[in-house]
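The values are calculated or read from the model by the stated rules, or taken from the named source; none is laboratory data. Keep in mind that this is a model prediction, so the values were computed, not measured. Cβ coordinates were reconstructed from backbone atoms using ideal geometry, including for glycine residues, and neighbour counts include every protein chain displayed. Ligands, DNA and RNA are stripped out before the accessible areas are found, and what is left, the full protein with its side chains, is counted by its heavy atoms. Shrake-Rupley method; radii C 1.70, N 1.55, O 1.52, S 1.80 Å.
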Amino acid sequence: MRLSAPVVGPYTPMGATLVPGGATFRTWAPTARSVHVVTDAHVDADWSRCTPSDDTRLAPLGDGTWGGFVPGITDGTPYLFWIQGPEGGSEGLKRDPYARELATCPEFPDCPCLVRPAHNYPWHDARWRPPPFHELIIYQLHVGVFWGADPEVPHYGTFLDVVARIPHLRDLGVTAIQLLPIQEYDGHFGLGYAGLDYFSPEMLYQVEDQAELARHLVAVNALLAEHGQAPLTLAELVTGPNQLKCLIDLCHLNGIAVILDLVFNHAGGGFGDRSLYFYDRQPWGDDNRSLYFTDKGWAGGKVFAYWQAPVRQFLIDNACFFLTEYRADGIRYDEVTVIHEHGGDPFCRDLTSTVRYVKPAAIQIAEYWNWDRAYPVTKSPDGLGFDAALGDRLRDALRGMLAEASGGAEAHVRLDRVAEALLPPPGFPAAWTVVQCLENHDVVRWDYDSHAPRAPRVAAVADPSHPHSWYGRSRARVATALLLTAPGIPMLFMGQEILEARPWHDDIRFWSQFLIGWNEVDHVRAKRDFLRFVQDLVALRRQHPALSSEGVRVPQVHERDRVLVLHRWVEGEGRDVVVVASVNEQALDHYPVTLPWPGRWREVFNSDVYDPFPNVAPVGNFGAIHADPASGFAYPFAARMRLPANGVIVLTR
């Protein structure tokens, strides 16, 4: 007898859904001859063989999906689908593409899925409201390596290890973290961009050992107690999904939004027989018959078949799933360029409009590198409808500035290129809609093929021979200050705030020498002082609305003197901020700086204070300057200033 229930039909949720008395199951397999749901009652101990029968068979629902109701299913019940393909195809077990969690025994990829309820985590963030998009300051991290494993006993970090570093992130002042992809992928390490099970958190990032989990529970409850919240129990923290939810929950309590990195341009590689590759088990030989994918490859995997409505819905469901069940605050979409180049523009428009309807406060960031950079942030139907897009103009200009300055006092530094990059990119609807960085996971990663970093860390660009020298420190401060006072959404990469000079690597088993040197902060003064510098600079950005607003002009650039002046303001209000940056290796006295208004300007930030911190005799202006009428400048007023060598001074009225 086929499994059935009156409530099961084309509107039944996909995957496994707990309902009173059992669970409904629904999956898309349009060419299959039969589909069964099998639990541990129907398979051998290692889930290698099963015996499907009429009692396990799902019913065709008339839309290419199969569904049914199974009584007695409870939270944690393991299951798989058994699919018999069309004539000439194959038959066998498949993991549920919508599975909320995978079991850890037997090991992936032979593991079953686990039935999990959508809402069994006791959230504490009822008062949380994410910051407006233009006020975001993002910190990008990789869960597996961020926390800083012991090089002598390297193992991947977990969601709960990131929880332990929330106080660091809170003190840093960032308003959002962006996690590299956290969905299940094949292998014991990885960047995360080769995902296979899109609704299941990566098992490597979960804590299973009960003693270790109990240790983490103490830290979790201490953070909850800081905010007057009820503690969690061990049972509430035992599942992988709840550990990720706990991380997001505690970030919210500490004023930090969480942005997830979703990969909708391709899945895999590492496809196994039980993956969503050839999910309805059509005959092998043509990847266009693989159901979810085409025969086009990208990054070792397969590009999604955007022409298939159920594939588009699968990806849109995935985005909405993380925004609702996990309460994520935004999405960074990987390589939208690839989606665009494979006919996915209609999908992108459906995706952005649906996500905006489901959660208007969630930012949607596109990675898009084609010549028409503004296309993804242009409203539909002329564009794709994303809120923001990654930028590289300022990154390349500032890194170029550092590289040129490292050539010595007489080297030519192209500050005109920096000045141009400080202005909003052409065609972008607003200055804040570009995400700016100096480092990210792609730029400073160790490259497997060349056996070298793709590009050096900022400190190593500033002084390749000695990144923590005065030259490396001071030049890095200038570039970081311009990043954090520039238009757009600034993004830091893990370790950047402590002047980390080593590249990063996702395989800590054999490359543990590239782990972030968190333990060095206490005894390496250069790292400790730079951290304080970044903390104060982030605080400055948050305190002055002009630095996250639309008003921007570069009224003064002098390449011979290596001085640049950046003016920021709030449209219609003023609240002006002027940033004076110098990459001159000598301090400059009585240097004329153009200013938009006359009178007294306060010196609210001086990078020379941080070397060493606190520098009791910084080169500066004793807290204030006075602007008088002057001719020959972009503005009708100017002041004579003392500028520190390789330094930045910030002025406000």
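Here are the numbers for the structure shown:
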quantity	calculated
Whole-number percent relative contact order across the chain, with pairs defined as alpha carbons under 8 Å at least 6 apart	10 percent
Where labels lie 7 Å past Cα in the beta-carbon direction, separation of residue 221 and residue 371 in nm	6.2 nm
Per residue solvent-accessible surface (Å²) - the stretch 37-138, probe of 1.4 Å	44 Å²
Crossing angle, helix 345-358 versus the chain [Cα axis fit, 0-90 degrees, rounded to tens]	90 degrees
Sum of -39500 (n - 2.57) over DSSP H runs of 4+, divided by residues of the chain (222 nm, nearest 500)	-6500 deg cm²/dmol
Rounded to 10°, Cα long-axis angle of helix 309-324 versus longest principal axis of the chain	60 degrees
Estimated dipole of the chain in Debye, rounded to 20 [Cβ of Lys and Arg +1, of Asp and Glu -1, Cα centre]	1720 debye
Mean Cα-pair separation over length for the stretch 171-323, i.e. relative contact order, pairs under 8 Å, 6 or more apart, %	23 percent
Accessible area (Å², per residue) of the stretch 522-653, counting only protein heavy atoms and a probe of 1.4 Å	43 Å²
Out-of-range pairs (alpha-carbon distance over 29 Å; input 359/527; 245/359; 94/379; 94/245)	359/527; 94/379
Relative contact order of the stretch 1-157, pairs being alpha-carbon contacts under 8 Å that are 6 or more residues apart, as %	22 percent
Portion, in percent, of the accessible area of the chain that falls on carbon or sulfur, probe 1.4 Å	54 percent
Structure-derived Kirkwood radius over Cα pairs in Å: which label, when the choices are (i) 36.4; (ii) 27.6; (iii) 26.5	(iii)
Charge dipole magnitude, Cβ of K and R +1, D and E -1 - the stretch 168-238, Cα centre, debye nearest 20	280 debye
The stretch 165-320 - accessible surface per residue (Å², probe 1.4 Å)	31 Å²
Overall form of the stretch 400-486 per C-alpha gyration tensor (a/c, 1.5; a/b vs b/c)	oblate
Amide H partners (placed H, <5 Å) of residue 266, local residues excluded	304
Most positive-pole-ward Cα, 47, 89, 308, against dipole of the chain from beta carbon charges	308
Dipole of the chain, positive direction: furthest Cα of 166, 189, 220, with charges on the beta-carbon	166
Farthest positive-ward along the stretch 353-431 dipole, Cα basis, beta-carbon charges - from 424, 411, 400	424
Nearest-20 debye value, the stretch 1-126 charge dipole, Cβ charges on Lys, Arg, Asp, Glu	320 debye
Cα long-axis angle, helix 210-226 against the chain (0 to 90 degrees, to the nearest 10)	50 degrees
In sequence order, calculated HN-Hα J values of the stretch 96-103 (Karplus, 6.51, -1.76, 1.60; Hz; x Gly/Pro)	5, x, 9, 4, 6, 7, 10, 6
